[in-house]
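Where a number appears in this text, it was derived from the coordinates with a stated rule and is not lab data. Keep in mind the model is a prediction, meaning the values are calculated, not measured. Because the Cβ atoms are built from the backbone with ideal geometry, glycine has one as well, and the counts that use them run over all protein chains shown.
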Amino acid sequence: MNSEAANVIVQGFLKGGFDVFDALLSRSYAYEAENSEETDAAGISGALEAAPVVMKAKILGGGGAAMLISMADAARIVALTMGEEAAKDALDDSDLGTLKEIVDGVLGGGVANLSEQFGEDVETEVIELQVDAGDGGDLAAYLGEGVVMTPFTYRADPDFDGKGFFLHSAALEARVPPTIAGGEEALVSDDEMKDILSGFSPDEEVDRMGGRGPMPDNINVILGIELTATARLGKVEMPIQEILNLGPGAIIEVGHLVDEPVELLINDHLVARGDVVVVDEKFGLRITEIISQKERIENLR
């Protein structure tokens, strides 16, 4: 294990992942990683007993990473995402679908942050969610040779305190550039680390959710991601026979009333509604409503 490279991976991955948690759950999460150590199937099995919910990813070019959290923490995260007061004792298929969407964002955020630090593309081959993973041998084989395990804690006011484990393979350490894996210039100062861990103040959270106020510097990690925006006037289901009979002049009723708002979809997921306007002889959409966080999660299924 290369201790300095391992620290870069752990801190970079957790930072990117918890940035996504902050955005999804509208809370500021602080995390603290403990000492990293090489582990084996037996050590992973011990971690799985305490944290059986596994978020794991294969990395293109070799290696893998995983975050392990407890079932209680997973249920609490789902409840917060859905805007529910109390967490369930067990997760049903719908809850697991919500959790899978969260996992995609969290692991994607971690990998995106590593890409920014490394100065090269780090991409996931596959992202998976596994509950009650059981034997640590399977997860060890999934991650690859030289698995390193790092316990961590995370918390958010007023009453969220969680524990978990981050695992990565030696293949990832080999990709850490020497310029950031060693030397004093690679270290984050105490003041910078405090800024990272402090997150957003309550006032800034209100501004952020309302579309006002300053955005965090690390938002640049995801600002370059391109998404497809579509304005949908309406939709209708038609038999193939009717579609084949369509021709010039045919009229299709899309079930949309004149005074109803038009839907705005991002990557085919509903995020807002608005009114059609004309700007410089071109149609546009004036946003009148941003749908709630709960609706956005439900639309992702």
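Things worth noting here:
- Inter-label distance for THR288 and GLU128, nm, one decimal - labels placed 7 Å from Cα along Cα-to-Cβ: 4.7 nm
- R0 of 22 Å, Cβ-Cβ distance LEU60-MET1: FRET efficiency to nearest 0.05: 0.50
- Where labels lie 7 Å past Cα in the beta-carbon direction, separation of ASP280 and GLU120 in nm: 4.2 nm
- Per-residue Cβ neighbour counts within 10 Å put PHE118, PHE21, PHE283 in the sequence PHE283, PHE118, PHE21, beginning with the fewest.
- For the stretch 224-292, the fraction of alpha-carbon pairs lying more than 21 Å apart is 41 percent, rounded to a whole number.
- In plain terms, the C-alpha convex hull of the stretch 8-51 casts an average shadow of 4.0 nm² when viewed from every direction.
- Put in line by how crowded their Cβ is, counting other Cβ atoms within 10 Å and starting with the fewest, LEU25, LEU143 read LEU25, LEU143.
- Near ASN35, once Lys and Arg are set to +1 and Asp and Glu to -1 for all other residues with Cβ below 15 Å from its Cβ, the sum equals -4.
- Unsatisfied cross-links (Cα-Cα over 28 Å) in the set LYS56/LYS235; LYS58/LYS163; LYS100/LYS282: LYS56/LYS235; LYS100/LYS282
- Cβ-based exposure ranking for LYS58, LYS88, LYS15, in which fewest neighbours within 10 Å come first: LYS88, LYS58, LYS15
- 13 Å beta-carbon shell around GLU260, net charge (K/R +1, D/E -1): -1
- Extension gain, VAL258-LEU246: 0.36 nm per intervening residue step, less the Cα-Cα distance, totals 2.0 nm.
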